[in-house]
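J.: Okay, handing you the structure first.
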Ligand code: HEM
């Protein structure tokens, strides 16, 4: 007979989610001593999961679905409507194959080269500036990289304002008031911009290299053999450009880590790709970014003696799984060398989701992210010298995504 699931007793917890942010599930895992508990969020019953075992359950697509899991405020800003995040089964596999077909070694080399080239250019042109925010700079650099790689034409005079509009999409889903509405407005502007380009490609008004995402997504055929409507094609092209721009959040955290852990920075001088990668893996593990993934149970079932009712909203704690004491030694210590000879499973390290790239919802851009971060780290440590002025490096655990308050400022930069 199934037991009752541990309960986070009390009223609706929407306000606690907003107040505790990244810590919401972790605080209750500790207080209730469980990886599975029931609560109420946004007026409905919700199940919260954490840790690699529960992650494996969450990514079982015979038990969970996505089509009605994402809150409207997230679809209106971050995801867009009709995108891959809300698809299941055949439709999801077809769409995911469209994304994964882009992610080969050649693409990773090209992205690494572009990131290096645009960081150089940025700091060459910034020579006259006193101070640069690494977070804001990375938004601009990565928009240029993303547009080059996807084949989307970018007008130099619009680069900065577009970079800001794109960041509105990921700075607004959890925000209230003006910030949230700014996100919605930027979503509709950006959707129209890319829809126009999809039409231009289809009507032969612009030339795009056939290997570029703008071309392949514009001509992609779904599982029924139809072209995507232009709105959906645009949402998916933005599902490349937006998160590439969002890697800027982790650039801010790289800047913070280099500042907080100078002895680790010292080890990176002239380091090879493997050591650079340990450091950025630890940045992705240690600092918060994407708090939870959301799904809904698709059938009634029992797991570890607990009953799961069909249709229940379920949140998987991404941040807390990366700090779960069953999977990580000294989880609260920043220790890049933990990744030496480390044993990865599809479920124990999930800053960008877990499970399978091709058959599940794991982030299509995880390798892109790693290349972008590794190249940026190498640039900051081995190509550039800079000072770090007095500033506020703290960040809030309920600010999603969390970025240090002064956006990581540097000055007196010079090339090595
Ligand atoms: C999905 C995080 C960068 C493209 C996801 C998911 C997370 C995530 C948590 C959802 C996992 C789930 O629902 O189970 C991140 C973070 C990034 C990042 C923190 C760092 C900035 C990227 C990049 C790209 C990308 C650079 C593209 C080049 C996607 C796509 C999906 C996705 C297309 C949807 C996959 C699906 O539903 O099957 N990402 N991501 N992401 N990500 Fe990323």
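The values are calculated or read from the model by the stated rules, or taken from the named source; none is laboratory data. Every value quoted in this text rests on a predicted model; they were computed, and no experiment measured them. Neighbour counts are summed over all protein chains in view; Cβ atoms, including those assigned to glycine, are modelled from backbone coordinates with ideal geometry.
J.: Residues being more than 9 Å from the ligand (Cβ to nearest atom), closer than 26 Å to residue 415 by Cα and either in contact (Cβ under 8 Å) with a residue 40 or more places away in the chain or in a loop (DSSP other than H, G, I, E, B) (or both): count how many of those fall in the stretch 372-396.
T.: 17
J.: Does residue 47 qualify as being more than 24 Å from residue 186 (Cβ to Cβ) and at pLDDT below 95?
T.: The answer is no for residue 47.
J.: Looking only at the stretch 50-84, filter to residues that are in contact with a strand residue (DSSP E or B) (Cβ under 7 Å, 6 or more places away or on another chain) and assigned to a helix (DSSP H, G or I); which one of those is nearest to the ligand (Cβ to nearest atom)?
T.: Residues of the stretch 50-84 that are in contact with a strand residue (DSSP E or B) (Cβ under 7 Å, 6 or more places away or on another chain), as a first pass: 50, 54-55, 57-58, 63-66, 68-70.
Then drop every residue that is not assigned to a helix (DSSP H, G or I), which leaves 54-55, 57-58.
Values: 54: 13, 55: 9, 57: 13, 58: 8 Å.
Among those residues, the one meeting the criterion is 58.
J.: With in contact (Cβ under 8 Å) with a residue 12 or more places away in the chain and surrounded by 23 or more Cβ atoms within 10 Å (Cβ to Cβ) as the only criterion, which of 169, 190 stands out?
T.: 169
J.: Got a sec? Which of 143, 162 is crowded, with 16+ Cβ neighbours inside 10 Å, more than 16 Å from the ligand (Cβ to nearest atom) and in a helix (DSSP H, G or I)?
T.: On the way: 143 fails: more than 16 Å from the ligand (Cβ to nearest atom).
After applying the criteria, what remains is 162.
J.: Now for a separate question. Residue 100 passes all but one of (1) loosely packed, with under 14 Cβ neighbours inside 10 Å; (2) within 11 Å of the ligand (Cβ to nearest atom); (3) without any contact (Cβ under 8 Å) to a residue 60 or more places away in the chain; which number fails?
T.: Residue 100 satisfies every listed condition except (3).
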